[in-house]
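Novice: Just passing along the structure, written as C-alpha cells.
The values are calculated or read from the model by the stated rules, or taken from the named source; none is laboratory data. Just so you know, these numbers come straight off a predicted model, no measurement behind them. As a convention, Cβ positions derive from the backbone with ideal geometry for all residues, glycine included, and neighbour counts pool all protein chains shown.
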C-alpha cells in the first residue's frame, strides 16, 4: 500500500492542510479561515478551538477529495504561528482565549524586561524581550490572576491541536524546541527551561510544558478525533514545529550560509548557521533552533513588511482620490477590484526608477518595529520632492525592506564574521516578483533563488511526520533533495550593490533618528 503523510499549517488567519505521498508529491490540499477577535481596542485574541476545528475541516477535505484510504496515512504533524501563546486547564481544555502575537497588552512588560533583564534573557534564549510568550505570561500572571490560577500549562496552537487529537491531559503537554526562543524563559542552547530566568521573573515552572524534539510521537489519533478528521484511529501524531521552522525545512534551508526570505505579510529574513547567536548588543536578531539538530536560524522580521506593499496598492493605486471642486473626493472606482493594477505592473513601474529612488527613503514599521522591539515606531517617507512619482514611492517601500535585511546581515556578521553567505531562498507571495528579488539581491549582494514548490510549511510538517515513524532517516538530506529551483538564480550586480552600500548606511541612521522622534 502507498503511504501518505499529512502536514497542517496553523497560521494567524488561516489553516492549511496538505496530503503528500512519501516521495513528496502533493496529492491534495485545503484551507480554511481562522477568525481574529478584537473584543477591545488593542486586544487581539483567537478561540483556541478554532485551530482544532479548522484543522479537522481541512484534513477531512483533503482525504475526501483525494479518495485516499485513511488507513494509508502513516502520520500527521502540525506547524503553527510562533510568538502568541495559549493555555489549557488540567483536562487539556482552553483556559483562556489564545493570546495572539498581534496583541500588545503585554507592552509594559516588554519595556520592563528590556529595562531590567534584557541581557539575561537575550544571552540565554537568543531572543531579546519582545511581544512573545514571556511578557504575555507575565501579563496573565499579574493582570488576570484569577485566569492564571486556572491555567495548568501554556502551549502553542500546534501542541493544542495535536494534544487534543491524542486525548492528552495537561501533565503531558509539550512544546517542541523550535518555539522556545520565543518563550523568554529558556536556556536555548541546553534545550531546557531556565530556572535562572523563571526565578528572577517569578514565573512558576510548572506552567511550562515539556520541551520535545519535533518528531517525537506524542500520541495517536483517538476514536473521537478520527471521526472529526476523517483519519484512522491510532494514526501517529508527531509534535511538529513552528511555522518559520517548517517553512525553512520545506525550503531546504539545511546548510550554514543559506538565507531564507519569507516575503509574506511579515517580511522575515533568516540565516542558517552552526553557531548560536545571542544578540545582546542590538537586540535585533532572534535565534531559533532549526528542526535539524546542530543548526540555528538567526532571524529578524518586519511586522507587515509585505503588507505595506498591499496598503500602498489599496490606498494609492486603485483609482484612489480625484479632484472635485477644488478639493478631493474618493473615486467610486477605488473599491472596484477591476481598478487595482496587478502587482507585477506596479513593481515593473517601480523597477524603472533608479536604485536609491532618487534620494527617497521609507520606514516600513507602520505598526511598530519588532527587531529591535520599538513598538512606538511608525512608518515614514523621507526626502521626497516635487520630482518624485508614484513609482518612486513604491520603489522606496521595496528598497526599505531590503535595507532592513542588509542591516540584519550586518548584525549577524558581527557575531559570525567568517560566515559565507551562499544564496537566499525566497518564498511567499513577494517571492514571485523577479524585479523585487533583484532589488534584494543587489542590496544584499547575495543571489536570490525561487523554488519550484509553492507550499513549504505543510511539506515541512509532513517531513517531520515521516521522520517520526521512520519513513525518513536524514531529514536534512530529504529536505535538500526536494527543494528544487524554479529556474536560474537572480544574481546581484556588483555595480548596483556598491551603489546601495552607502544607502544602507543612511537608512540605518534614519531609523535611529526616527526612534528618537517616536520615543515616548
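Novice: Among 54, 22, which is the only one that is closer than 16 Å to residue 229 by Cβ and either touching a strand residue (DSSP E or B) at 6+ places or on another chain (Cβ under 6 Å) or at pLDDT 95 or above (or both)?
Specialist: 54
Novice: From the residues in region 296-333 that are part of a helix (DSSP H, G or I) and over 31 Å from the mean Cα position of the chain (by Cα), which one is modelled with the lowest pLDDT?
Specialist: Among them, the one singled out is 333.
Novice: Let me ask something else. Would you please list the contacts, defined by Cβ atoms under 6 Å and residues six or more apart or on different chains, that run from a residue in region 300-316 that is within 25 Å of residue 278 (Cα to Cα) and not assigned by TED's automatic domain parsing to the domain that holds residue 362 to a residue that is at pLDDT below 85 and surrounded by 14 or more Cβ atoms within 10 Å (Cβ to Cβ)?
Specialist: none
Novice: Residues that are assigned to a strand (DSSP E or B), touching a residue at least 24 places away in the same chain (Cβ under 8 Å), within 17 Å of residue 454 (Cα to Cα) and touching a helix residue (DSSP H, G or I) at 6+ places or on another chain (Cβ under 6 Å): does region 74-88 have at least one?
Specialist: Looking through region 74-88, at least one residue is assigned to a strand (DSSP E or B), touching a residue at least 24 places away in the same chain (Cβ under 8 Å), within 17 Å of residue 454 (Cα to Cα) and touching a helix residue (DSSP H, G or I) at 6+ places or on another chain (Cβ under 6 Å).
Novice: Sticking with this structure for a sec: Could you say which residue among 243, 261, 223 is within 15 Å of the chain's Cα centre (by Cα) and assigned by TED's automatic domain parsing to the domain that holds residue 83?
Specialist: So the residue among 243, 261, 223 that is within 15 Å of the chain's Cα centre (by Cα) and assigned by TED's automatic domain parsing to the domain that holds residue 83 is 243.
Novice: Also: Looking at (1) in contact (Cβ under 8 Å) with a residue 24 or more places away in the chain; (2) in a loop (DSSP other than H, G, I, E, B), can you tell me which one residue 234 breaks?
Specialist: It is condition (1) that residue 234 fails.
Condition check ((1) farther than 19 Å from residue 138 by Cα; (2) assigned by TED's automatic domain parsing to the domain that holds residue 95; (3) more than 23 Å from the chain's Cα centre (by Cα)) across all residues:
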site: 167; (1), (2), (3): yes, yes, yes
site: 175; (1), (2), (3): no, yes, no
site: 185; (1), (2), (3): no, yes, no
site: 188; (1), (2), (3): yes, yes, no
site: 210; (1), (2), (3): yes, yes, no
site: 213; (1), (2), (3): yes, yes, no
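Novice: Starting from residues that are surrounded by fewer than 18 Cβ atoms within 10 Å (Cβ to Cβ) and over 24 Å from the mean Cα position of the chain (by Cα), keep the ones in region 470-488 and report whichever is nearest to residue 507 (Cα to Cα).
Specialist: 488
Novice: Can you confirm whether residue 501 is surrounded by fewer than 16 Cβ atoms within 10 Å (Cβ to Cβ) and under 30 Å from residue 365 (Cβ atoms)?
Specialist: The answer is yes for residue 501.
Novice: Please state which one of 134, 86, 126 is within 20 Å of the chain's Cα centre (by Cα), over 12 Å from residue 185 (Cα atoms) and modelled with pLDDT of 95 or more.
Specialist: Residue meeting the stated conditions: 86.
Novice: Ok, one more. Looking only at region 209-227, count how many residues are in a helix (DSSP H, G or I) and either surrounded by 19 or more Cβ atoms within 10 Å (Cβ to Cβ) or on the phi > 0 side of the Ramachandran plot (or both).
Specialist: Final tally of qualifying residues: 1.
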